[in-house]
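Below is one structure, written out as structure tokens; comments come after it.
The values are calculated or read from the model by the stated rules, or taken from the named source; none is laboratory data. This is a predicted model, so every value here is computed, not measured. Here the Cβ is made from the backbone with ideal geometry for all residues, glycine too, and neighbour counts use every protein chain on show.
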Amino acid sequence: MMTRDELLMSLRTEAQRIGELAPDVVWYLFGSTLEAFECAADFDVLVLCLTNEAVALVRHELRDACMNLPLHLFLLTKDEEAELDFIVAEGCVQVYPVSSVTKGTFLGEQRGQS
Amino acid sequence: MPEGSSEWTGKWVAQKLRKNAGVEAVDLLATQVLRIVRKNHQPFLVGTIASPRVEPSTIDHLLNGLFLIEIIANIPPESFWTGDAIAFASRHSAAFGGMGDLLSAIELPDVSRYVKKEFAFVERGLHQHRKVSDVERVHDRMYVVKRQELCDVTVVLLNEYELTADIVRTARDRYGVFTAIVLTNPSARVPTSLASQAAESMGSQIYTWREFLVRLNNR
């Protein structure tokens, strides 16, 4: 069974790799991945991009990852996010870049829980 | 795990189903075949795969193998079933879907008869429409609606709460050309401006289910 830390490590590795191609992309987790990790049927991942081109690139680059992990992608531009206010409304948690707020507190990372 | 492999899916599904209240036991018979023993119904066999686009060749080894598979679950959410694969599964009396469908099917006495509620609702509504003469399924979420004395409408069903440009463009990549998008989620919000622009740029209109039923009356 994949642990929360393993999921975070996989996502951050992908985020770092793709970040070299599309800078200023921010990654979040939301939904059942946060609420009930052990029971989650898939992993809800929001990727916030500056442009449509960056959205297309991120989706393209995540093709293989999506076949090796049950990732449910929600990719959108900052303009779309401003319309939907999704991040606040859904309580999304930023996982990359690692922010000072989430580092060490998200999903029990600091305590090494799985 | 190897790239493009489905082998991880069997273990993944087994781990998830063992936490299901209706499930008594899960036996991994092969890397992609599980026997699910239920508390209230007969056991059944599920085949698991991981494919971005499910074709008959993707599931042939499961349906023509040693086991009598009653449902096939494609585990990655970022994927779709082609019409040919759905027909192939149907000829082998197997239901199809993803992980969510498998979790719903577990509640049924006969898992092989499982149909996603969203699809059953839409197909029934279309068949009962007075202007509709026939409905052809092209892929899992794509249908051609044939109408009496009016041109065909090619429609894609999207069940998202929020419709973004990426979802519209991903549907176009998966399914090809379509003229209508129907939001089947009754709680769906208004599409983003970019989603509407994306649909318009590809010659498609976005409708709610109710709006689409009205649209079918018009040229």
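General observations
- Among the residues of the range B:148-169, those that are β-branched (V, I, T) and within 14 Å of chain A (Cβ to nearest Cβ) comprise B:T164, B:I167, B:V168.
- Taking first residues from the range B:103-121 that are under 21 Å from B:R141 (Cβ atoms) and partners that are in a helix (DSSP H, G or I) and not charged (D, E, K, R), the Cβ contacts under 6 Å between residues at least 6 apart in sequence or on separate chains come to B:A105/B:V111; B:Y114/B:A105.
- Total residues in the range B:21-69, condition within 16 Å of the chain's Cα centre (by Cα) and either of a type in the set (D, E) or at pLDDT below 95 (or both): 1
- Matching residues, the range A:1-55, being without any contact (Cβ under 8 Å) to a residue 60 or more places away in the chain, of a type in the set (D, E, K, R) and away from chain B (no Cβ under 14 Å): A:R17, A:E20, A:D24, A:E35
- Checked against the criterion of being in a strand (DSSP E or B) and surrounded by fewer than 18 Cβ atoms within 10 Å (Cβ to Cβ), the candidates B:V115, B:V135 yield just one match: B:V135.
- Residues of the range A:1-44 satisfying the condition of being touching a strand residue (DSSP E or B) at 6+ places or on another chain (Cβ under 8 Å), over 14 Å from A:L71 (Cβ atoms) and of a type in the set (A, V, I, L, M): A:A22, A:V25, A:V26, A:L34
- Yes/no for B:A95 being closer than 30 Å to A:E61 by Cα, away from every other protein chain (no Cβ under 14 Å) and crowded, with 17+ Cβ neighbours inside 10 Å: no
- Within the range B:167-174, one or more residues are among the small types (G, A, S), assigned by TED's automatic domain parsing to the domain that holds B:V144 and crowded, with 18+ Cβ neighbours inside 10 Å.
- If you go through the range B:174-208 and keep only what is part of a helix (DSSP H, G or I) and closer than 19 Å to B:V138 by Cβ, you end up with B:R174, B:Y175, B:A199.
- Looking only at residues of the range B:42-58 that are over 21 Å from B:S104 (Cα atoms) and free of Cβ contacts under 8 Å to residues at least 40 places away in the same chain, we find that the one that is surrounded by the fewest Cβ atoms within 10 Å (Cβ to Cβ) is B:S57.
- Filtered by the rule that a residue be at the interface with chain B (Cβ under 7 Å from one of its Cβ atoms) and of a type in the set (A, V, I, L, M), the range A:57-90 gives A:M67, A:L71, A:L73, A:L75, A:L76, A:L84.
- Residues that are under 20 Å from B:G22 (Cβ atoms), free of Cβ contacts under 8 Å to residues at least 60 places away in the same chain and outside any loop (DSSP other than H, G, I, E, B) within the range B:84-102 comprise B:A95, B:G97, B:G100, B:D101, listed in sequence order.
- Hits in the range A:51-79 - residues which are over 16 Å from B:S79 (Cβ atoms) and small (G, A, S): A:A54, A:A56
- All of B:K39, B:K11 fail the test of being free of Cβ contacts under 8 Å to residues at least 60 places away in the same chain, within 11 Å of chain A (Cβ to nearest Cβ), farther than 18 Å from B:L63 by Cα and surrounded by fewer than 19 Cβ atoms within 10 Å (Cβ to Cβ), apart from B:K11.
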